[in-house]
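The values are calculated or read from the model by the stated rules, or taken from the named source; none is laboratory data. Because the structure is predicted, anything quoted here is derived from the model rather than measured. Please note: Cβ atoms are built from the backbone with ideal geometry, for glycine as well, and neighbour counts cover all protein chains shown. Ligands, DNA and RNA are stripped out before the accessible areas are found, and what is left, the full protein with its side chains, is counted by its heavy atoms. Shrake-Rupley method; radii C 1.70, N 1.55, O 1.52, S 1.80 Å.
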Amino acid sequence: MRAGAIWGRVRRRLSVEFGEDVFSSWFKSIEIDRADGNDVRLSVATRFLKSWIDANYKDRIVDRWSEEAGRRVSIEFCVRSAGGARLPVRPRAAGEVAPRPMTAAASPQPVVPAMSGVEGLPGSPLDPRLTFDSFVQGRSNTLARAAALQVAQSRSSDAVLFNPLYIHAGVGLGKTHLLQAVAGAAQASGRRVLYLTAEKFTFGFVAALKNQTAIAFKEALRSIDLLVIDDLQFLQGKQTQAEFCHTLNALIDAGRQIVVAGDRPPSDLDGMDERVRSRLAGGLTVEIGTLDEGLRLDILRQKLDQARVQHQGFDVPQQVLAYIARNVTQNGRDLDGAFTRLLANNRLTSQPVTIEMAERSIRDLVRVAEPKRIKIEDIQKVVAQHYNVSRSDILSARRTASVVRPRQVAMYLSKTLTLRSLPEIGRRFGGRDHTTVLHAVRKIENLAGQDRALNEEIETLKRRLND
Ligand code: ADP
Ligand code: MG
(Lines give C-alpha, C1' and ligand atoms only; values in the text may rest on other atoms or scores of the structure.)
(Ligands and ions follow the chains in the order given, each with its own letter.)
Protein backbone atom coordinates (compact mmCIF):
# COMPACT_ATOMS: atom_id res chain seq x y z
CA MET A 1 0.00 0.00 0.00
CA ARG A 2 1.24 3.48 -0.77
CA ALA A 3 2.06 5.82 2.07
CA GLY A 4 -0.75 8.18 1.06
CA ALA A 5 -3.30 5.37 1.30
CA ILE A 6 -1.92 4.20 4.64
CA TRP A 7 -2.06 7.72 6.02
CA GLY A 8 -5.64 8.05 4.83
CA ARG A 9 -6.60 4.96 6.84
CA VAL A 10 -4.59 6.07 9.87
CA ARG A 11 -6.35 9.43 9.79
CA ARG A 12 -9.76 7.86 9.70
CA ARG A 13 -8.91 5.67 12.67
CA LEU A 14 -7.51 8.58 14.66
CA SER A 15 -10.63 10.56 13.95
CA VAL A 16 -12.80 7.74 15.28
CA GLU A 17 -10.57 7.13 18.29
CA PHE A 18 -10.22 10.73 19.42
CA GLY A 19 -13.35 12.34 18.06
CA GLU A 20 -13.72 15.12 15.54
CA ASP A 21 -12.68 17.98 17.88
CA VAL A 22 -9.36 16.51 18.91
CA PHE A 23 -8.76 15.26 15.41
CA SER A 24 -9.19 18.61 13.78
CA SER A 25 -7.11 20.35 16.44
CA TRP A 26 -4.07 18.12 16.15
CA PHE A 27 -4.12 15.71 13.25
CA LYS A 28 -5.93 17.34 10.43
CA SER A 29 -3.06 19.44 9.16
CA ILE A 30 -0.42 16.72 9.35
CA GLU A 31 1.07 15.97 5.94
CA ILE A 32 3.42 13.34 4.65
CA ASP A 33 6.79 14.85 4.06
CA ARG A 34 8.63 11.68 3.06
CA ALA A 35 7.99 7.96 3.33
CA ASP A 36 11.00 5.84 2.70
CA GLY A 37 10.61 2.16 3.55
CA ASN A 38 10.13 2.01 7.29
CA ASP A 39 11.13 5.62 7.87
CA VAL A 40 8.31 8.08 7.68
CA ARG A 41 8.54 11.80 8.10
CA LEU A 42 5.37 13.78 8.70
CA SER A 43 5.19 17.53 8.70
CA VAL A 44 3.12 19.92 10.78
CA ALA A 45 2.56 23.65 10.52
CA THR A 46 4.11 24.95 13.73
CA ARG A 47 6.73 24.10 16.33
CA PHE A 48 4.02 24.05 18.90
CA LEU A 49 2.06 21.36 17.04
CA LYS A 50 5.22 19.35 16.63
CA SER A 51 6.10 19.40 20.29
CA TRP A 52 2.55 18.64 21.35
CA ILE A 53 2.16 15.72 18.96
CA ASP A 54 5.60 14.37 19.84
CA ALA A 55 4.71 14.44 23.51
CA ASN A 56 1.14 13.22 23.36
CA TYR A 57 0.22 11.41 20.19
CA LYS A 58 3.31 10.17 18.44
CA ASP A 59 3.24 6.65 19.87
CA ARG A 60 -0.36 6.22 18.87
CA ILE A 61 0.35 7.38 15.34
CA VAL A 62 3.33 5.02 15.06
CA ASP A 63 1.18 2.12 16.28
CA ARG A 64 -1.64 2.83 13.89
CA TRP A 65 0.68 3.35 10.95
CA SER A 66 2.56 0.12 11.73
CA GLU A 67 -0.70 -1.79 11.96
CA GLU A 68 -1.92 -0.47 8.66
CA ALA A 69 1.41 -1.04 6.93
CA GLY A 70 1.82 -4.52 8.39
CA ARG A 71 5.32 -3.70 9.62
CA ARG A 72 6.92 -1.61 12.30
CA VAL A 73 7.77 1.89 11.12
CA SER A 74 9.52 4.79 12.77
CA ILE A 75 7.99 8.21 12.44
CA GLU A 76 9.57 11.58 12.83
CA PHE A 77 7.87 14.97 12.78
CA CYS A 78 9.17 18.13 11.21
CA VAL A 79 7.88 21.66 10.88
CA ARG A 80 7.07 22.89 7.44
CA SER A 81 7.44 26.53 6.55
CA ALA A 82 4.69 28.49 4.88
CA GLY A 83 6.19 27.82 1.48
CA GLY A 84 6.20 24.10 2.13
CA ALA A 85 9.93 23.79 2.77
CA ARG A 86 11.05 22.18 5.97
CA LEU A 87 12.54 24.15 8.78
CA PRO A 88 15.30 22.46 10.65
CA VAL A 89 14.14 21.63 14.14
CA ARG A 90 16.73 22.28 16.77
CA PRO A 91 17.87 18.97 18.20
CA ARG A 92 17.42 18.65 21.90
CA ALA A 93 20.60 19.38 23.79
CA ALA A 94 22.00 16.79 26.16
CA GLY A 95 20.18 16.89 29.45
CA GLU A 96 17.31 18.91 28.05
CA VAL A 97 13.97 17.42 28.96
CA ALA A 98 11.22 16.57 26.51
CA PRO A 99 7.83 18.12 27.19
CA ARG A 100 5.94 15.76 29.39
CA PRO A 101 2.82 14.07 28.07
CA MET A 102 -0.24 15.81 29.33
CA THR A 103 -3.12 13.77 30.54
CA ALA A 104 -6.03 14.89 32.61
CA ALA A 105 -4.59 13.13 35.62
CA ALA A 106 -1.31 14.97 35.23
CA SER A 107 -2.86 18.40 35.11
CA PRO A 108 -1.49 20.56 37.85
CA GLN A 109 -3.37 21.08 41.08
CA PRO A 110 -2.26 24.44 42.31
CA VAL A 111 -2.41 25.03 46.00
CA VAL A 112 -4.12 28.24 46.96
CA PRO A 113 -1.79 30.98 45.77
CA ALA A 114 -2.00 34.36 47.40
CA MET A 115 -0.21 36.91 45.26
CA SER A 116 2.10 36.49 42.37
CA GLY A 117 5.31 38.43 42.39
CA VAL A 118 8.99 38.38 43.05
CA GLU A 119 11.07 40.45 45.38
CA GLY A 120 10.83 44.11 44.51
CA LEU A 121 8.16 43.51 41.88
CA PRO A 122 4.75 42.88 43.40
CA GLY A 123 2.13 41.25 41.19
CA SER A 124 -1.64 41.06 41.05
CA PRO A 125 -3.58 38.57 43.19
CA LEU A 126 -4.44 35.14 41.84
CA ASP A 127 -7.91 33.70 42.22
CA PRO A 128 -7.56 30.14 43.51
CA ARG A 129 -10.72 29.06 41.70
CA LEU A 130 -9.28 29.77 38.29
CA THR A 131 -7.36 26.58 37.61
CA PHE A 132 -6.90 24.15 34.75
CA ASP A 133 -9.19 21.76 36.56
CA SER A 134 -12.04 24.21 36.53
CA PHE A 135 -11.36 25.26 32.94
CA VAL A 136 -13.69 23.28 30.70
CA GLN A 137 -12.28 22.24 27.37
CA GLY A 138 -14.22 22.63 24.15
CA ARG A 139 -13.63 23.01 20.46
CA SER A 140 -13.08 26.74 20.70
CA ASN A 141 -10.38 26.64 23.36
CA THR A 142 -8.53 23.36 22.80
CA LEU A 143 -5.43 24.95 21.32
CA ALA A 144 -5.27 27.81 23.78
CA ARG A 145 -5.68 25.46 26.73
CA ALA A 146 -3.05 23.08 25.40
CA ALA A 147 -0.54 25.84 24.83
CA ALA A 148 -1.21 27.28 28.28
CA LEU A 149 -0.87 23.86 29.89
CA GLN A 150 2.40 23.26 28.15
CA VAL A 151 3.78 26.57 29.37
CA ALA A 152 2.55 25.89 32.89
CA GLN A 153 4.16 22.48 33.04
CA SER A 154 7.53 23.24 31.57
CA ARG A 155 10.25 23.82 34.11
CA SER A 156 12.64 26.70 34.43
CA SER A 157 15.37 24.59 32.91
CA ASP A 158 13.31 23.51 29.89
CA ALA A 159 13.87 25.14 26.54
CA VAL A 160 11.24 27.77 25.91
CA LEU A 161 9.09 26.52 23.07
CA PHE A 162 7.01 29.46 22.06
CA ASN A 163 7.64 32.82 23.44
CA PRO A 164 5.67 34.90 24.00
CA LEU A 165 2.44 32.95 24.06
CA TYR A 166 -0.30 35.37 23.08
CA ILE A 167 -3.92 34.39 23.70
CA HIS A 168 -6.68 36.54 22.31
CA ALA A 169 -10.47 36.43 22.48
CA GLY A 170 -13.50 38.59 23.05
CA VAL A 171 -14.87 39.41 26.47
CA GLY A 172 -15.74 36.57 28.82
CA LEU A 173 -14.31 33.73 26.79
CA GLY A 174 -11.80 32.58 29.38
CA LYS A 175 -8.57 34.52 28.83
CA THR A 176 -8.16 35.57 32.44
CA HIS A 177 -9.16 32.13 33.65
CA LEU A 178 -6.49 30.52 31.50
CA LEU A 179 -3.79 33.04 32.41
CA GLN A 180 -4.48 32.65 36.11
CA ALA A 181 -4.39 28.89 35.70
CA VAL A 182 -0.94 29.14 34.13
CA ALA A 183 0.32 31.53 36.80
CA GLY A 184 -1.14 29.47 39.65
CA ALA A 185 0.17 26.16 38.38
CA ALA A 186 3.64 27.49 37.63
CA GLN A 187 3.82 29.15 41.01
CA ALA A 188 2.70 25.97 42.74
CA SER A 189 5.51 24.10 41.06
CA GLY A 190 8.04 26.51 42.49
CA ARG A 191 8.61 28.87 39.60
CA ARG A 192 8.78 32.58 40.24
CA VAL A 193 5.74 34.06 38.61
CA LEU A 194 4.72 37.63 38.08
CA TYR A 195 1.09 38.02 37.04
CA LEU A 196 0.05 41.55 36.14
CA THR A 197 -2.97 43.18 34.67
CA ALA A 198 -2.04 45.86 32.14
CA GLU A 199 -3.19 48.39 34.68
CA LYS A 200 -0.97 47.01 37.37
CA PHE A 201 1.89 46.96 34.91
CA THR A 202 1.34 50.60 34.12
CA PHE A 203 0.89 51.88 37.64
CA GLY A 204 2.92 49.45 39.71
CA PHE A 205 5.56 47.80 37.70
CA VAL A 206 6.72 50.77 35.69
CA ALA A 207 6.78 52.91 38.81
CA ALA A 208 8.81 50.28 40.63
CA LEU A 209 11.25 50.23 37.77
CA LYS A 210 11.71 53.96 37.86
CA ASN A 211 12.78 53.78 41.49
CA GLN A 212 15.49 51.31 40.79
CA THR A 213 18.83 51.51 39.19
CA ALA A 214 19.36 49.78 35.87
CA ILE A 215 21.25 47.04 37.64
CA ALA A 216 18.60 46.45 40.27
CA PHE A 217 16.05 46.33 37.49
CA LYS A 218 17.98 43.70 35.61
CA GLU A 219 18.40 41.70 38.79
CA ALA A 220 14.71 41.84 39.54
CA LEU A 221 13.84 40.79 36.03
CA ARG A 222 16.32 37.97 36.14
CA SER A 223 14.51 36.54 39.10
CA ILE A 224 11.26 36.09 37.15
CA ASP A 225 10.68 32.72 35.50
CA LEU A 226 7.31 33.53 34.07
CA LEU A 227 5.71 36.87 33.33
CA VAL A 228 1.98 36.90 32.69
CA ILE A 229 0.22 40.04 31.45
CA ASP A 230 -3.55 40.23 31.12
CA ASP A 231 -5.62 42.60 28.96
CA LEU A 232 -2.74 43.97 26.96
CA GLN A 233 -5.11 46.21 24.99
CA PHE A 234 -5.22 48.45 28.07
CA LEU A 235 -1.50 49.04 28.07
CA GLN A 236 -1.57 52.69 27.17
CA GLY A 237 1.02 55.37 26.77
CA LYS A 238 4.27 55.59 24.88
CA GLN A 239 6.46 55.35 27.96
CA THR A 240 4.63 52.34 29.36
CA GLN A 241 4.74 50.56 26.05
CA ALA A 242 8.42 51.27 25.70
CA GLU A 243 9.00 49.78 29.16
CA PHE A 244 6.95 46.79 28.22
CA CYS A 245 8.94 46.30 25.04
CA HIS A 246 12.14 46.54 27.02
CA THR A 247 10.90 44.01 29.56
CA LEU A 248 9.71 41.67 26.84
CA ASN A 249 13.05 41.73 25.10
CA ALA A 250 15.08 41.34 28.27
CA LEU A 251 13.05 38.36 29.43
CA ILE A 252 12.89 36.62 26.09
CA ASP A 253 16.61 37.04 25.58
CA ALA A 254 17.18 35.53 29.01
CA GLY A 255 15.06 32.53 28.04
CA ARG A 256 12.17 33.37 30.35
CA GLN A 257 8.60 32.62 29.42
CA ILE A 258 6.01 35.30 28.75
CA VAL A 259 2.27 34.82 28.41
CA VAL A 260 0.03 37.66 27.30
CA ALA A 261 -3.71 37.97 26.73
CA GLY A 262 -5.54 40.59 24.74
CA ASP A 263 -8.94 41.11 23.21
CA ARG A 264 -7.68 41.13 19.61
CA PRO A 265 -4.91 39.72 17.44
CA PRO A 266 -1.52 41.48 17.64
CA SER A 267 -2.01 43.01 14.20
CA ASP A 268 -5.16 44.77 15.41
CA LEU A 269 -3.63 46.35 18.50
CA ASP A 270 -3.99 49.87 17.20
CA GLY A 271 -1.74 52.39 18.86
CA MET A 272 0.55 49.70 20.18
CA ASP A 273 4.28 50.10 19.73
CA GLU A 274 5.19 48.37 16.47
CA ARG A 275 8.10 46.56 18.10
CA VAL A 276 5.76 45.07 20.70
CA ARG A 277 3.38 43.94 18.00
CA SER A 278 6.03 42.25 15.96
CA ARG A 279 7.57 40.63 19.02
CA LEU A 280 4.15 39.23 19.97
CA ALA A 281 3.47 38.08 16.45
CA GLY A 282 6.82 36.27 16.50
CA GLY A 283 5.69 33.94 19.28
CA LEU A 284 2.67 31.70 19.29
CA THR A 285 -0.69 33.38 18.84
CA VAL A 286 -3.82 31.41 19.65
CA GLU A 287 -7.41 32.50 19.64
CA ILE A 288 -10.21 31.34 21.91
CA GLY A 289 -13.45 31.20 19.93
CA THR A 290 -16.96 31.77 21.18
CA LEU A 291 -18.49 29.28 23.60
CA ASP A 292 -20.80 26.94 21.74
CA GLU A 293 -23.89 25.56 23.41
CA GLY A 294 -22.25 22.28 24.38
CA LEU A 295 -19.37 24.08 26.04
CA ARG A 296 -21.74 26.46 27.82
CA LEU A 297 -23.60 23.49 29.21
CA ASP A 298 -20.37 21.83 30.35
CA ILE A 299 -19.27 25.05 32.05
CA LEU A 300 -22.59 25.30 33.87
CA ARG A 301 -22.34 21.68 35.00
CA GLN A 302 -18.89 22.38 36.30
CA LYS A 303 -20.16 25.44 38.19
CA LEU A 304 -22.90 23.36 39.70
CA ASP A 305 -20.40 20.76 40.92
CA GLN A 306 -18.34 23.53 42.47
CA ALA A 307 -21.33 25.19 44.12
CA ARG A 308 -22.61 21.94 45.56
CA VAL A 309 -19.42 21.48 47.51
CA GLN A 310 -20.17 24.64 49.45
CA HIS A 311 -23.94 24.71 49.42
CA GLN A 312 -25.40 21.46 50.57
CA GLY A 313 -28.79 20.61 49.20
CA PHE A 314 -28.41 23.00 46.30
CA ASP A 315 -29.26 21.52 42.93
CA VAL A 316 -30.22 22.66 39.46
CA PRO A 317 -32.18 20.29 37.24
CA GLN A 318 -30.50 19.37 33.94
CA GLN A 319 -33.41 20.92 32.14
CA VAL A 320 -32.68 24.30 33.69
CA LEU A 321 -28.98 24.07 32.89
CA ALA A 322 -29.91 23.28 29.30
CA TYR A 323 -32.28 26.24 29.23
CA ILE A 324 -29.55 28.62 30.38
CA ALA A 325 -26.97 27.14 28.02
CA ARG A 326 -29.34 27.58 25.12
CA ASN A 327 -30.48 31.10 25.93
CA VAL A 328 -27.60 32.90 27.56
CA THR A 329 -25.25 33.07 24.67
CA GLN A 330 -23.01 36.04 25.13
CA ASN A 331 -20.09 34.88 27.18
CA GLY A 332 -18.80 33.20 30.30
CA ARG A 333 -19.54 36.21 32.47
CA ASP A 334 -23.24 36.03 31.68
CA LEU A 335 -23.18 32.34 32.50
CA ASP A 336 -21.62 33.28 35.84
CA GLY A 337 -24.29 35.90 36.39
CA ALA A 338 -27.14 33.55 35.55
CA PHE A 339 -25.79 30.87 37.79
CA THR A 340 -25.20 33.20 40.72
CA ARG A 341 -28.79 34.40 40.52
CA LEU A 342 -30.16 30.88 40.68
CA LEU A 343 -28.01 30.18 43.68
CA ALA A 344 -28.97 33.42 45.41
CA ASN A 345 -32.63 32.87 44.70
CA ASN A 346 -32.53 29.39 46.05
CA ARG A 347 -30.58 30.35 49.18
CA LEU A 348 -32.79 33.33 49.96
CA THR A 349 -36.19 31.78 49.32
CA SER A 350 -35.42 28.11 49.96
CA GLN A 351 -37.43 27.38 46.83
CA PRO A 352 -36.05 24.69 44.53
CA VAL A 353 -34.69 25.88 41.21
CA THR A 354 -37.25 25.40 38.46
CA ILE A 355 -37.53 26.49 34.85
CA GLU A 356 -39.99 29.21 35.90
CA MET A 357 -37.59 30.54 38.48
CA ALA A 358 -34.76 30.46 35.94
CA GLU A 359 -36.83 32.28 33.35
CA ARG A 360 -37.75 34.97 35.80
CA SER A 361 -34.29 35.51 37.21
CA ILE A 362 -32.30 35.63 34.01
CA ARG A 363 -34.73 37.39 31.74
CA ASP A 364 -32.39 40.28 31.08
CA LEU A 365 -29.47 38.01 30.26
CA VAL A 366 -31.33 36.14 27.55
CA ARG A 367 -29.98 37.02 24.18
CA VAL A 368 -31.74 39.72 22.31
CA ALA A 369 -32.10 38.45 18.80
CA GLU A 370 -31.38 41.80 17.26
CA PRO A 371 -28.50 41.56 14.82
CA LYS A 372 -25.71 44.04 15.16
CA ARG A 373 -25.72 46.86 12.64
CA ILE A 374 -22.62 46.74 10.54
CA LYS A 375 -21.24 49.83 8.86
CA ILE A 376 -19.69 49.91 5.39
CA GLU A 377 -16.77 51.77 6.85
CA ASP A 378 -16.08 48.93 9.30
CA ILE A 379 -16.27 46.43 6.48
CA GLN A 380 -13.70 48.38 4.51
CA LYS A 381 -11.43 48.62 7.54
CA VAL A 382 -11.63 44.96 8.47
CA VAL A 383 -11.17 43.78 4.89
CA ALA A 384 -8.24 46.12 4.32
CA GLN A 385 -6.57 44.90 7.47
CA HIS A 386 -7.17 41.30 6.54
CA TYR A 387 -5.56 41.66 3.12
CA ASN A 388 -2.89 43.99 4.33
CA VAL A 389 -3.83 46.91 2.09
CA SER A 390 -4.97 50.32 3.19
CA ARG A 391 -8.54 51.50 3.23
CA SER A 392 -7.65 54.24 0.75
CA ASP A 393 -6.34 51.56 -1.63
CA ILE A 394 -9.78 50.02 -1.53
CA LEU A 395 -11.44 53.32 -2.30
CA SER A 396 -8.88 54.28 -4.95
CA ALA A 397 -9.05 53.74 -8.70
CA ARG A 398 -6.10 51.33 -8.65
CA ARG A 399 -6.69 48.15 -10.56
CA THR A 400 -3.81 45.94 -9.47
CA ALA A 401 -4.85 42.45 -8.46
CA SER A 402 -3.73 42.99 -4.87
CA VAL A 403 -6.41 45.62 -4.32
CA VAL A 404 -9.09 44.48 -6.77
CA ARG A 405 -9.86 41.30 -4.85
CA PRO A 406 -10.08 42.95 -1.40
CA ARG A 407 -12.25 45.67 -2.94
CA GLN A 408 -14.62 43.11 -4.44
CA VAL A 409 -14.81 41.18 -1.18
CA ALA A 410 -15.59 44.39 0.71
CA MET A 411 -18.34 45.26 -1.79
CA TYR A 412 -19.76 41.77 -1.53
CA LEU A 413 -19.83 41.96 2.27
CA SER A 414 -21.40 45.42 2.12
CA LYS A 415 -24.20 44.04 0.00
CA THR A 416 -24.78 40.96 2.13
CA LEU A 417 -24.29 42.43 5.60
CA THR A 418 -25.97 45.83 5.27
CA LEU A 419 -29.25 47.04 3.84
CA ARG A 420 -27.57 49.61 1.57
CA SER A 421 -28.51 49.73 -2.09
CA LEU A 422 -26.04 49.04 -4.88
CA PRO A 423 -25.76 52.73 -5.91
CA GLU A 424 -25.20 53.72 -2.27
CA ILE A 425 -22.47 51.11 -1.91
CA GLY A 426 -20.92 52.33 -5.16
CA ARG A 427 -20.83 55.87 -3.78
CA ARG A 428 -19.19 54.72 -0.59
CA PHE A 429 -16.49 52.91 -2.55
CA GLY A 430 -14.96 55.98 -4.11
CA GLY A 431 -17.91 56.93 -6.29
CA ARG A 432 -18.24 53.79 -8.37
CA ASP A 433 -21.14 52.86 -10.57
CA HIS A 434 -23.74 50.41 -9.23
CA THR A 435 -22.99 47.96 -12.06
CA THR A 436 -19.41 47.71 -10.78
CA VAL A 437 -20.75 46.74 -7.36
CA LEU A 438 -23.11 44.21 -8.89
CA HIS A 439 -20.27 42.71 -10.88
CA ALA A 440 -18.15 42.40 -7.73
CA VAL A 441 -20.95 40.77 -5.77
CA ARG A 442 -21.61 38.19 -8.49
CA LYS A 443 -17.95 37.53 -8.98
CA ILE A 444 -17.30 36.82 -5.30
CA GLU A 445 -20.46 34.76 -4.99
CA ASN A 446 -19.28 32.60 -7.89
CA LEU A 447 -15.73 32.26 -6.65
CA ALA A 448 -16.76 31.48 -3.10
CA GLY A 449 -18.91 28.67 -4.45
CA GLN A 450 -15.86 27.01 -5.97
CA ASP A 451 -12.97 28.12 -3.81
CA ARG A 452 -13.06 26.76 -0.30
CA ALA A 453 -10.22 28.93 0.93
CA LEU A 454 -11.97 32.08 -0.21
CA ASN A 455 -15.20 30.86 1.30
CA GLU A 456 -13.49 30.38 4.65
CA GLU A 457 -11.88 33.79 4.39
CA ILE A 458 -15.27 35.35 3.91
CA GLU A 459 -16.70 33.45 6.85
CA THR A 460 -13.82 34.66 9.02
CA LEU A 461 -14.41 38.24 7.95
CA LYS A 462 -18.13 37.95 8.66
CA ARG A 463 -17.45 36.56 12.09
CA ARG A 464 -15.05 39.36 12.85
CA LEU A 465 -17.58 41.93 11.73
CA ASN A 466 -20.33 40.37 13.78
CA ASP A 467 -18.27 40.30 16.96
P1 ADP B 1 -12.00 37.03 29.75
O2 ADP B 1 -10.79 37.29 30.58
O3 ADP B 1 -11.68 36.41 28.42
O4 ADP B 1 -12.90 38.22 29.58
P5 ADP B 1 -12.75 35.29 31.91
O6 ADP B 1 -11.56 34.40 31.97
O7 ADP B 1 -12.87 36.33 32.94
O8 ADP B 1 -12.89 35.92 30.45
O9 ADP B 1 -14.05 34.35 31.90
C10 ADP B 1 -15.34 34.83 32.27
C11 ADP B 1 -16.03 33.78 33.10
O12 ADP B 1 -16.31 32.63 32.33
C13 ADP B 1 -15.16 33.31 34.26
O14 ADP B 1 -15.98 33.04 35.37
C15 ADP B 1 -14.58 32.03 33.75
O16 ADP B 1 -14.25 31.17 34.79
C17 ADP B 1 -15.70 31.50 32.87
N18 ADP B 1 -15.17 30.68 31.79
C19 ADP B 1 -14.84 31.08 30.54
N20 ADP B 1 -14.40 30.05 29.81
C21 ADP B 1 -14.43 28.97 30.63
C22 ADP B 1 -14.11 27.60 30.47
N23 ADP B 1 -13.65 27.11 29.32
N24 ADP B 1 -14.30 26.78 31.53
C25 ADP B 1 -14.78 27.25 32.69
N26 ADP B 1 -15.11 28.52 32.91
C27 ADP B 1 -14.94 29.38 31.90
MG1 MG C 1 -10.14 39.04 31.44
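Hey, if you put +1 on the Cβ of every Lys and Arg and -1 on every Asp and Glu Cβ in the chain, which of I53, V193, L251 ends up farthest toward the positive end of that dipole?
The residue sitting farthest along the positive end of the dipole is I53.
Residues of the range 293-362: accessible area per residue at 1.4 Å, in Å²?
Ligands and nucleic acids excluded, the result is 53 Å² per residue.
Classify the range 3-87 from the C-alpha gyration tensor, please: rounded if a/c falls under 1.5, else prolate or oblate depending on whether a/b exceeds b/c.
oblate
Lys and Arg at +1, Asp and Glu at -1: add these up for the other residues within a Cβ distance under 12 Å of A5 and post the number.
After counting each charged neighbour, the total is +3.
V171 to R155: extension gain in nm, 0.36 nm per residue of separation minus the Cα-Cα distance?
2.7 nm
Taking all protein chains in place and a 1.4 Å probe, what share, in percent, of the accessible surface of the chain do carbon and sulfur account for?
The C+S portion of the solvent-accessible surface of the chain is 49 percent.
Relative contact order (percent) for the range 376-466, with alpha-carbon contacts under 8 angstrom and 6 or more residues of separation?
Computed over the range 376-466, the figure is 28 percent.
Tell me which residues come under 5 Å, amide H to amide H, from A35 once H is placed; ignore anything under 5 positions away on its chain.
So A35 has HN proximity to R41.
Counting only DSSP beta bridges with both residues in the chain, tell me the antiparallel percent, nearest 5.
Approximately 30 percent, going by the DSSP bridge assignments.
Mind checking the dipole of the chain: about its Cα centre, +1 per Lys or Arg Cβ, -1 per Asp or Glu Cβ, Debye to the nearest 20?
So the magnitude is around 1060 debye.
When the helix-only estimate is applied to the chain (DSSP H runs of n ≥ 4, each -39,500 (n - 2.57), divided by the residue count), what is the mean residue ellipticity at 222 nm, nearest 500 deg cm²/dmol?
-15500 deg cm²/dmol
Which length gain, in nm to one decimal place, applies between S134 and R452 when the Cα-Cα distance is subtracted from 0.36 nm times their residue separation?
Between S134 and R452, full extension yields an extra 110.8 nm.
Starting from the Cα gyration tensor of the range 376-466, take the square roots of the eigenvalues, sort them a ≥ b ≥ c, and report rounded, prolate or oblate (rounded when a/c is under 1.5, otherwise prolate if a/b is larger than b/c, else oblate).
Here the range 376-466 falls in the rounded category.
Within a Cβ distance under 9 Å of A198, other residues only, what is the Lys/Arg minus Asp/Glu net charge?
-2
Can you tell me the accessible area per residue over the range 376-466, all protein chains present, probe 1.4 angstrom, in square angstrom?
Ligands and nucleic acids excluded, the figure is 55 Å² per residue.
Looking at the square roots a ≥ b ≥ c of the eigenvalues of the Cα gyration tensor of the chain, which shape do they give, rounded for a/c under 1.5, prolate if a/b is larger than b/c, or oblate?
Judged from the Cα gyration tensor, the chain comes out rounded (a/c under 1.5).
Would you work out the charge dipole size for the range 254-296 about its Cα centre, treating the Cβ of every Lys and Arg as +1 and the Cβ of every Asp and Glu as -1, and quote it to the nearest 20 debye?
With Lys and Arg at +1 and Asp and Glu at -1, about 320 debye.
In debye, nearest 20: dipole of the range 227-338 around its Cα centre with unit charges on the Cβ of K, R (+) and D, E (-)?
140 debye
Within the range 57-74, which residues have the backbone N less than 12 Å from the label spot 7 Å out from A3 along Cα→beta-carbon, could you tell me?
So the set is 74.
Please give the length that would be gained between Q236 and R275 if that part of the chain were fully extended, namely 0.36 nm times their separation in residues minus their C-alpha to C-alpha distance (nm, one decimal).
Going from the current span to full extension adds 12.6 nm.
What FRET efficiency do you get for H439 and E359 if R0 is 45 Å and r is their Cβ-Cβ distance, rounded to the nearest 0.05?
0.35
Run the numbers on the chain and let me know its relative contact order in percent, using alpha-carbon pairs under 8 Å that are six or more apart.
Contact order relative to length: 11 percent.
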